[in-house]
Amino acid sequence: MKTVGQILQAARNGQKIDLKDVARITKIRSNFLAAIEADDYAQLPSGTVAKGFIRNYSEFLGIKPDSVQAVFRRDFAENDQGQIVPRGLSQPVSEVSVWTPRTTLIAGITLVFTVFVGYLFFQYLNLTGPPSLKISQPLDRIEITDQTVEVSGATDPEATISVNGQLVALEKGGRFSFRLPIIGGENKISVTATSKYGKTSVITRTVIKK
């Protein structure tokens, strides 16, 4: 069955009338006429305007306006905002169920893909980012009387650790413990963890020897 746009376009072509001539005589802009012939009513200002243009266009072509309007009502309706939409979509979106088995499948695939990409990105950051580094001893600005201070903590098992530039051997699980000689007054202790990609994490502690 033909739509309003197809009926009007066929009648105009049958009479060999150019769209610009229709616009000049009816005072309806040619882009609006073209939208009507394409059944693209979203291009028109409102539903009321669309109905008026259809009636005027039908009368110009010698077609009974009521018959064309009946076809229009068969295919289209006006929603609460005054817009012309295909019949069946005129109800509020909240009343139209769009959740189908297809959308469920698409949503599931999208979720799995998102989780997978997120996992890969997380692994990439772990591999290329700076290594983790935790210092359990000494506490910052601790005061001691010993000649040495214990420097201990943990880092990634594949990283290397240096204390004030001196390499320290890692134990199982990335733990380390090292006794560092200190002098009287404030001692700056810099612990550096370096990944195999050259990324570093640095923690500095100040120890005061009395």
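Here, each number is a calculation from the coordinates, and none is a lab measurement. Treat the numbers as computed from the prediction; the structure is a model and nothing was measured. Cβ: placed from backbone, ideal geometry, glycine included. Neighbour counts: every protein chain shown.
Restricting attention to the chain, the count of lysine pairs at 8 or more positions apart or across chains with alpha carbons under 25 Å apart stands at 22. Spatially, region 138-207 and region 1-65 are offset by 83 Å when compared through their Cα centroids.
Take 60-71, 162-173 and order them by the average number of nearby Cβ atoms within 10 Å per residue, most first; the result is 60-71, 162-173. You can think of it this way: the chain between residue 210 and residue 119 has 27.7 nm of extra reach, that is 0.36 nm per residue less the Cα-Cα gap. Over all directions, the projected convex hull of the C-alpha atoms in region 97-210 averages 10.5 nm² in area. For the chain, the relative contact order is 14 percent, taking Cα pairs closer than 8 Å that sit 6 or more residues apart in sequence and dividing their mean separation by the residue count.
Projected label points at residue 59 and residue 164, each 7 Å from Cα along the beta carbon direction, are separated by 10.0 nanometres.
When a/c is below 1.5 the answer is rounded, else prolate if a/b is larger than b/c, else oblate, so apply that to region 169-210 with a ≥ b ≥ c taken from the square roots of the Cα gyration tensor eigenvalues.
oblate
With neighbour counts taken as other beta-carbon atoms within 10 Å, the residues 85, 117 rank, fewest first, as 117, 85. Per the Debye formula with a single identical scatterer at each Cα and no solvent contribution, what log10 I(q)/I(0) holds for the chain at q = 0.08, 0.13, 0.16, 0.17 Å⁻¹? Each listed q corresponds, in turn, to -0.56, -0.84, -0.99, -1.05. Placing dummy labels 7 Å off each Cα toward the beta-carbon, the span from residue 29 to residue 66 is 3.3 nm. Note on region 144-185: Kirkwood radius taken over Cα pairs, Stokes-Einstein applied at 37 °C and 0.692 mPa s, translational D equal to 294 µm² s⁻¹.
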